[in-house]
Amino acid sequence: MLLTITVLSILFQLAAAGFALKLIAITRRTTAWVLLAVAMALMAVRRIDSLIHILTTSPAGFDVLFEGMGLVLSVLMFAGVYSIRPLFTEIVRMGDANRAISERLRTISEEQQLLLEHSLDFIYRHDTRGVISYISPSVEHITGYSPQEWQGHYSQHYTDNPENQAGIDTTNDMLRTAKAGHSYKVEVKHKNGGVVWLEINKQPYVIDGYVAGFIGVARDVSRRVALEAEQEKLISELQDALAKVRTLRGLLPICSGCKKVRDDKGYWQQIEAYVSEHTEAEFSHGLCPDCVQRLYPEHRKPRT
């Protein structure tokens, strides 16, 4: 009986020490678990010493109750180490998951920063007073001004173009209604002395039922605005040309004697002046063969 109790006590203590060593790999905390495993192993060595005495001497000197309590202690120690293992496994798993999430967030943050720095657009935020609190780094590529130089009221970078008032009115409407407005274009100053046309899309953000500020995206549309202006100019020139052509297609009164023509205001003009005024044609004067013979008979060619 005593022998069995001692052997079981030794086995449970050695098993507890073994599980303690396994927890080193799980928790990656070497020192704490090595010390615990060594303590358990020394307890097992002590029990082995008792076992040797039992085998080599008379067991009458050993207290069965005392050895039984040692067995109970060994079982409880083994049970404690064994049952705590899943807890540490979960803690480590959660730690690994947190590290993976942190790494992913760091990667996402780097990607976002890369996009913000090299985007053709820039993102900004300003409060209800119009004071910019954030603007992405790509603003410098578009306007020449750094994000730090953009701090302050956004309108300080506006030119005096009257079309900019539409953007201010749209912002005031969104502030009043707390709803996103339509996109609009504004002309802003470039640091090199030129101007840049920006297309703005922004919307208010609401906190506790009140508009706290605005978040917007601005895109450089200077090239598009220039092309639209050129297109409008060409259309206007074509319309003017067509109007002149339509004037000459109408009924044109002409004098049978002097060959003057009457314009739509009732004035009589030389036909050359009228045609030149209403078309791109220019006149050069000469004499036809019949007029040459009539006006200068001395130059009349003999008939053959």
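Only the coordinates and a few stated rules stand behind these numbers; no lab work does. Quantities reported herein were computed from a predicted structural model and do not represent experimental measurements. Virtual Cβ from ideal backbone geometry, glycine too; neighbours counted across all protein chains shown.
Observations on the structure shown:
- Full extension of the chain segment joining TYR296 with ALA180 gains 33.4 nm, where the gain is 0.36 nm per residue of separation less the Cα-Cα distance.
- Peptides ranked, highest mean first, by Cβ atoms within 10 Å: ranges 153-166, 224-237: 153-166, 224-237
- Formal net charge of residues neighbouring ASP220 (Cβ-Cβ distance under 15 Å; K, R +1; D, E -1): +1
- Net charge contributed by nearby residues that have their C-beta within less than 11 Å of LEU120 (K/R +1, D/E -1): -1
- Gain on full stretching of the segment that runs from ASP127 to ASP173 - 0.36 nm per residue minus C-alpha separation: 15.1 nm
- Charge dipole of the range 252-304 about the Cα centre (unit charges at C-beta), most positive-ward option of TYR296, PRO253, TYR267: TYR296
- For TYR134, the residues whose modelled amide H falls within less than 5 Å of its own, excluding neighbours fewer than 5 places apart on the same chain, are ARG125.
- Estimated FRET transfer efficiency when R0 is 41 angstrom, pair GLU103-ALA229 (beta carbons, to 0.05): 0.25
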